[in-house]
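Before any comments, here is the structure.
The values are calculated or read from the model by the stated rules, or taken from the named source; none is laboratory data. These numbers were taken from a predicted model, which means no experiment stands behind them. All Cβ positions, glycine included, derive from the backbone under ideal geometry; neighbour counts span all protein chains shown.
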Amino acid sequence: MNKTTKRLLFAVLILLLFLLTVYFVLALYYREGFSLNTWINGVYCTGKTVEEVNSELLSHTEAPDVVIVDKAGEKYTITLADVDYHADFSSALEAYRQEQNPYLWVDNVLFHSRRTLAPAVTVDEEALRRAYNALDFVQTEQKRIKDYSLTRDAEGAYVFTDGLSDRIDLEKAFLALKQIVENGQETLNLQESGCYYEITPDESQKALRNLWKEIERFQTCDIVYCFGEERHPMTAADCAFFLTAENGLPVQDEKGSFVLDEEAVTAYVQSMAEEYDGYGRTRQFHSTRGDVITIDGGTYGSKMDRKKETAYLLEHLLDPGVHTGTPQSHIPSYEREAFCYGKNDIGDTYIEVDMTEQKMYYYEKGVLKLETEIVTGNMRRRMGTPEGVIGGYVKMLDGRNEEVPAELKSQAFESKSVAQRAFVIAAGPLANFIFAILAYWVIYSVGIPSVKPVIENVTPNSPAAMAQIEPNSQILAIDGKNTPDWETINLLLTDKLGSDSVELTLTPFGEDQPYQRTINLQNWTFEPDKETAFETLGINPVSSKVEMTLSKVVENSPAEKAGLLVGDKILAENSTALDWKAFVAQVQQGQPFTIKVERNQEIFDKTLQPEKNREGKWFVGLSPTFLKVGEQYRTELKYGILDALQKGVEKTGQISWFIVKAIGKLLSGELSFSSLAGPISIAQGAGASSNAGVIYFLSFLALISVNLGIMNLFPLPVLDGGHLVFLAAEAIKGKPVSERVQNLSYRIGLTILLIETIFVLFNDFLRL
């Protein structure tokens with residue numbers, strides 16, 4: 001070994017000795033503190049003592065909240081800052097420091113030593129117990145009756161108290177709470193910690209619980225009485241009231257069914273009738289002038305048929321089908337019907353006649369649509385219509401009514417020939433028909449949107465189903481007459497009242513394969529004012545749909561407060577699409593209810609609490625998605641100038657003939673007199689059509705004009721038709737009908753017209 005090698009080896013030994021010295025010096029240094037690269041709870045602890053690290057950790061430690069979770073998932077919080085919370089990491093730090101080998105500190109150079117330690121916690125036990133005892137579940141459990149009991153609450157409903165199920169061992173729960181606090185944990189699950197008693201009820205307790213299940217089902221009655229827009233759901237107390245009871249419990253028969261108290265049911269119906277009947281009831285009415293008027297009951301108003309409703313409840317209350325939890329609307333039977341029902345049976349659509357001011361006001365849905373001067377008296381008492389206002393009248397220059405100056409006698413009406421007088425009288429009805437023709441001319445020239453007469457589905461066991469009419473078929477003609485739209489179909493079918501059958505020409509929609517079907521019309525009747533002819537035959541047209549996907553959520557509404565969003569889909573209990581009408585009926589009950597909501601392919605529950613709007617109606621502030629009729633089903637009835645005029649003439653003639661035949665059917669009894677409409681219905685129709693657009697309003701005016709023309713030609717002495725009859729008699733006899741006969745005829749005609757007016761007004765009020 002040469003000298004150079006020896007020197008090199010010596011240098012290496014010196015270096016190794018130095019490194020060993022440094023290594024052991026550091027090992028001795030870390031004996032009293034934490035090793036290199038030690039991190040505890042995010043704090044760098046290298047070389048620090050236990051006391052130093054403990055102090056630093058405590059400076060970052062705050063008293064946490066401890067959450068207690070019961071079996072139902074309800075959470076209760078205790079803030080440890082309120083119970084003299086103290087934490088100390090010393091024991092955990094010392095244990096970890098001793099766990100570290102100071103001679104292996106080099107490991108931490110390569111591997112960071114990170115550790116999370118929980119402190120040893122101490123609290124004031126008495127303060128902790130006070131906070132624990134203040135929790136809701138502890139107080140409820142302390143007050144809980146430790147048995148099964150079936151009693152009635154303040155309103156009279158049966159209430160079952162289950163004092164055995166889900167009982168909590170409060171002392172065990174407190175000890176568990178204390179333990180997790182001392183261990184530095186923050187959650188106590190009562191069920192997982194075994195804090196619930198395991199109690200098995202005896203036979204008598206089981207029997208009482210089974211009885212309660214039947215009572216609970218019975219008290220959940222689905223029957224919701226509908227009085228117009230007002231809803232009267234049966235409460236649990238109402239249902240309990242219906243049951244015959246002995247010793248505080250409902251009586252059951254040998255089959256296990258409850259026994260109803262007929263007198264209680266009768267009393268319930270009586271009280272409901274007294275609350276909602278309008279007949280004979282005094283009302284408060286706010287007039288247009290601002291006065292509050294007390295209106296006696298008079299002859300207007302509804303009156304419930306108490307006997308029929310009592311019989312209905314006695315028959316249905318024990319039916320399991322009305323105790324499912326799904327509300328079922330029920331319209332009661334009436335001895336007397338009215339246009340509107342419920343407490344506000346005047347409604348918000350009505351005619352107000354101010355006798356003092358001689359004015360009439362027509363309100364539609366609470367909005368003043370018409371204000372006009374009227375005459376409610378007679379000319380002899382100088383209470384006629386003021387000149388120059390709506391409601392005035394025009395009179396002929398006629399020597400029979402007043403003195404005519406000599407220079408004007410040749411121009412007087414009675415001086416004209418029979419033909420001239422007949423033309424003058426007929427000019428009014430003729431103008432009605434001309435106006436209708438011109439109106440339809442404009443309509444068909446501009447074009448009126450319509451829906452193709454395509455059948456979406458056929459009602460089972462209906463006349464249409466019996467005739468084997470297929471869905472998705474388009475109606476081309478009825479008895480050979482073309483049917484471009486549903487209005488024409490309804491008109492032609494209504495005209496077939498009293499016939500034995502009707503033949504329809506159809507084709508599969510989108511195809512040209514016509515086929516015929518004959519519908520049997522024997523024993524077929526319907527009410528034209530309430531329903532369409534084709535629907536009563538079982539033909540249901542393609543129409544718009546309602547999809548329960550939210551298109552709008554009103555700001556600050558119950559829907560927004562519940563957390564609903566645009567795009568949410570509301571589902572039924574079985575996770576199918578909810579019916580919009582059923583949802584509206586639920587809202588109108590005014591009670592909180594739970595719905596299922598689908599959002600981002602997740603389904604969860606939301607609770608809605610309906611609120612009343614300015615009109616006093618229940619609402620939740622959401623809108624579904626209204627799907628319009630598909631473009632393939634839409635059409636427009638539009639023709640050239642000459643063709644449109646021809647269509648106008650044909651339409652006017654068709655309607656005129658229909659009205660004449662309808663009058664005949666009224667007289668023969670084939671058509672009910674209840675279908676007749678008066679000024680109120682006309683005003684409602686005018687309002688609805690005007691809101692729909694100018695074209696629809698013009699169509700309505702044309703229809704009214706034809707009706708007026710036909711009615712004025714009716715051979716009633718006070719109408720134009722009666723005058724024409726007198727003129728015809730004059731032309732045949734060669735002299736006018738005697739004044740005595742005319743006056744007598746006018747009185748009879750006026751009486752008939754007055755009776756007709758009262759009758760149609762009565763029909764109008766029944767529709768309100």
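Could you check, for the range 564-572, whether at least one of its residues is exposed (fewer than 15 other Cβ atoms within 10 Å of the Cβ), outside the structural domain of Val442 (by TED's automatic domain parsing) and of a type in the set (D, E, K, R)? There is no residue in the range 564-572 that is exposed (fewer than 15 other Cβ atoms within 10 Å of the Cβ), outside the structural domain of Val442 (by TED's automatic domain parsing) and of a type in the set (D, E, K, R).
Candidates are the residues of the range 118-159 that are in contact (Cβ under 8 Å) with a residue 60 or more places away in the chain and closer than 30 Å to Gln185 by Cβ; the one that is surrounded by the fewest Cβ atoms within 10 Å (Cβ to Cβ) is Asp136. In this structure, is Glu315 assigned to a helix (DSSP H, G or I), out of contact with any Asp or Glu (no Cβ under 6 Å at 6 or more places or on another chain) and surrounded by fewer than 15 Cβ atoms within 10 Å (Cβ to Cβ)? Answer is yes for this residue.
The combined condition, being in a loop (DSSP other than H, G, I, E, B), over 30 Å from Val737 (Cβ atoms), at pLDDT below 55 and not assigned by TED's automatic domain parsing to the domain that holds Thr288, is fulfilled by Val389. Considering only the range 473-488, state which residues are in contact (Cβ under 8 Å) with a residue 12 or more places away in the chain and surrounded by fewer than 14 Cβ atoms within 10 Å (Cβ to Cβ). Result: Gly480, single match. When the residues of the range 325-358 are narrowed to those that are of a type in the set (A, V, I, L, M) and in a loop (DSSP other than H, G, I, E, B), which ends up nearest to Glu309 (Cα to Cα)? By that ranking, first place goes to Ile331. Kindly evaluate Glu511 against the criterion of being in a loop (DSSP other than H, G, I, E, B), without any contact (Cβ under 8 Å) to a residue 12 or more places away in the chain and closer than 30 Å to Ser623 by Cβ. No; evaluated as a whole, the condition is false for this residue. Listed by position, the helices (runs of 4 or more DSSP H) inside the range 517-636 whose residues that are under 30 Å from Leu504 (Cα atoms) and not acidic (Asp, Glu) number at least 1 are 533-536. Looking across the range 392-444, just one residue is of a type in the set (Phe, Trp, Tyr), surrounded by 14 or more Cβ atoms within 10 Å (Cβ to Cβ) and modelled with pLDDT under 70, and that is Phe413.
Listed here are the residues, each with its yes/no results for (1) within 39 Å of the chain's Cα centre (by Cα); (2) modelled with pLDDT of 90 or more.
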position	(1), (2)
Thr187	no, yes
Asp202	no, no
Glu230	yes, no
Met234	yes, yes
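Residue-wise test of (1) more than 30 Å from Glu470 (Cβ to Cβ); (2) of a type in the set (A, V, I, L, M).
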| residue | (1), (2) |
| --- | --- |
| Phe534 | no, no |
| Met548 | no, yes |
| Ser557 | yes, no |
| Gly567 | yes, no |
| Asn574 | yes, no |
| Val584 | yes, yes |
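Kindly evaluate Val597 against the criterion of being at pLDDT 85 or above, touching a strand residue (DSSP E or B) at 6+ places or on another chain (Cβ under 6 Å) and hydrophobic (A, V, I, L, M, F, W, C). Yes.
All told, Gln179 falls short of being exposed (fewer than 12 other Cβ atoms within 10 Å of the Cβ) and not in a loop (DSSP other than H, G, I, E, B). Gln609 fulfils the conditions (1) at pLDDT below 70; (2) surrounded by fewer than 16 Cβ atoms within 10 Å (Cβ to Cβ) except for a single criterion, (1). Residues that are outside any loop (DSSP other than H, G, I, E, B) and either within 20 Å of Val584 (Cα to Cα) or touching a His at 6+ places or on another chain (Cβ under 6 Å) (or both) within the range 219-249 comprise Ile223, Val224, Tyr225, Cys226, Phe227, Glu230, Arg231, His232, Pro233, listed in sequence order.
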